[in-house]
Every structure is written in C-alpha cells, then in structure tokens.
Amino acid sequence: MNVIYVLWLRQLKRYVRSRARIVGALGQPLLFLIGLGFGLGPVFQKAGQGNYIQFLAPGVVAMTVLFTSVFSGIELIWDRQFGFLKETLVAPVSRLTIMAGRVLGGATVAVLQGLLVVAISMVAGFRIASFGALPEALLFMALMALLFTALGTALAALMSDFQGFQLIMNFLVMPTFFLSGALYPLRDLPWVLDMLVKINPMSYAVDGLRGALTGVGYFNPVTDMAVLATVAACLIALGGYLFSRIQL
C-alpha cells in the first residue's frame, strides 16, 4: 500500500508542478465550449433541442477526462526511456502493485482536470441541475478515468516510442470520442452509427455524466454504471497482465 501511495503522490506532484500541462489541457475544452457551444448553439436551439451549452458541457468534461487518462500512458514510455521505470521495478514489490499506483495517480489527475473544466463550463453558462448529484458525477468520472488510464497503460506497456503511441492513441481516441454522443444527441441515429455508439464504452460514460449533471440521459444510469465498471475491471486486469510482462 505504501508503494501505491508513493506512486499516486508522484503523479499528483508532476501534475501540480507542470503549469504548462494544466493550461495546455484546458485549451481544447475551451475551444469546444466557445467554438461549438456558442457557434452551433442557435442551430441546436432552433432544432428544438434546447440550450446547446447545457448539452455540450458534460461531453466536454468527459472528453477532458478521456484525453488526460489515455495520454498518461506517455509517462510510462518516458519513464522507460530515461531509466526511471527500471528504478521503480527493482523495488521489492509486485509489478501489479506498481501498475495500480500509476493507474490511480493518472486517474486522479484526470478527474482533477475534469473538475477544472466543470468550473470553466459554469462560467460559460452551464448549470448543474442538482448539486446533490455531484457524488454520482464524480463516480462516473472516476470510473471513466480508471478505464482509460488502464487502457493507456496497457498500450504503453507494448510500445517503446512516443510516435507509435501517439499514432495509435489518435486512431483510437478520436473515434471513441466522436462516437460517444458527446457532441450530438443519440436519438434517431442511422442504424450503423447507433450500433457503433452502443458498443462504445465512452457513450455510457458521457451519458452517465450528463444524466448526473443535467438530469437528462439516454441510457439507464444503472446500465451506464454497470458497463463502465465491467469494462474498467477488464482493462485493469489486461493492463496489469501487460505491465507485468513489460520489457526494459
């Protein structure tokens, strides 16, 4: 447990010390909120869908958690290339314990980044339906962060260079985001798109978070929670297996 705590604390210290990382991670959410939120807002409202900022903000928060979580895997490649990972692995603890500490640290950073975007969204005009639902929203953010941090760790365990990781992440993360319903309603979609949305775990993360923050959802909240918890458990197990076989 001490090793998990140390690795978790190390991730948080890296995050707090890197002001450029914090500011840079907020650039894309701001672009989506301002560019899409205010740009497409009138069109969305004329279509009878209501306030687009109110619909979009939970999706932008989920996007922030997704990107921050997955790209935490880059730190594993960085540590491997500069020898920090080797120093960690010589500790008299199992690799699964080390992996757990890294995943918890990366997930915590992702949730903190998501909370910053929630605050920015409120400045842009987003309103939380009930502050009593914030614990539920935090739970969805935590499950999402654990799921995608484990995915990033699993993929990073298979790679040794930054370029390959970034290419695969862009190939995987962007479709995952755009097919999640973060930017558009899930009702009345073409059947192919509807099928892709329903097999995408990010869809359930966005829907659960939107339901908790706005009170309006597409799937059942229990279904959202069950899918996220199941996929997160599977990816954590896969990430643990791949990390245990990592080659230095």
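A short reminder: the numbers here are calculations on the coordinates, not readings from a lab. The structure presented is a predicted model; accordingly, all values stated were derived computationally and were not measured. Here the Cβ positions follow ideal geometry from the backbone for every residue, glycine too, while neighbour counts run over all protein chains shown.
Simple spin-label model, 7 Å along Cα-to-Cβ: residue 171 to residue 222 in nm?
Once both label points are built, they end up 4.0 nm from each other.
What's the ranking of 178-185, 29-36 by average number of surrounding C-beta atoms within 10 Å, highest first?
178-185, 29-36
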